[in-house]
Amino acid sequence: DYALPLQVKDFLSLFASESCVHDVLESVGASHLLKCSVHHLSGGEFQRMMLAQALIKKPDLLVLDEPLQGVDVVGQESLYALIAETQKKYRCTVVLVSHDLHFVHTASDRVICLNGHICCAGKPQEVRASPEYLALFKGKWATNLAIYQHHHDHAHEHKRNDSVDGCNHD
């Protein structure tokens, strides 16, 4: 946005000291962005800068609204990992709002599905199996969202002679 002709360091310095800015950018893997103009950042870089801004005050509760918005598929994987690392490092509760149901179901401890009201809530596997969730997506979409759990050991530290979920072992 050309209305924000600031460098990343100038923007974040509005909220914290210069040393804190360096530390928080490092914690989100974005220290290389320090002298970049905010309006030249990619979607993923912008999201990292905004996450850094939110972490300056070391929050107990971190609310992330569509944190993958504007991020390419390759960058999404690293942001998924960063959000999980951030939760552990800062020991904060993360409330994540997202339409990416695959991410929500694989990265969350609890899911609340909204459609003007709370349709269903619980652990991801409970929500995926709930009649309300299935009805929301008319059944077909709920099962075609690439949500899948692989319960299979690829380490092969033990010998198996049976077939598990279509994978054959010697």
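The values are calculated or read from the model by the stated rules, or taken from the named source; none is laboratory data. Predicted model only: the values in this text are computed from it and were never measured. Quick reminder, even Gly has a Cβ in these numbers, built from the backbone with ideal geometry, and neighbours come from all protein chains shown.
Just a few scattered comments:
- Filtering Leu96, Leu33 for residues that are at pLDDT 95 or above and either surrounded by 15 or more Cβ atoms within 10 Å (Cβ to Cβ) or in contact with a strand residue (DSSP E or B) (Cβ under 9 Å, 6 or more places away or on another chain) (or both) leaves a single hit, Leu33.
- Residue count for the range 58-80 under the criterion of being touching a residue at least 12 places away in the same chain (Cβ under 8 Å) and β-branched (Val, Ile, Thr): the result is 2.
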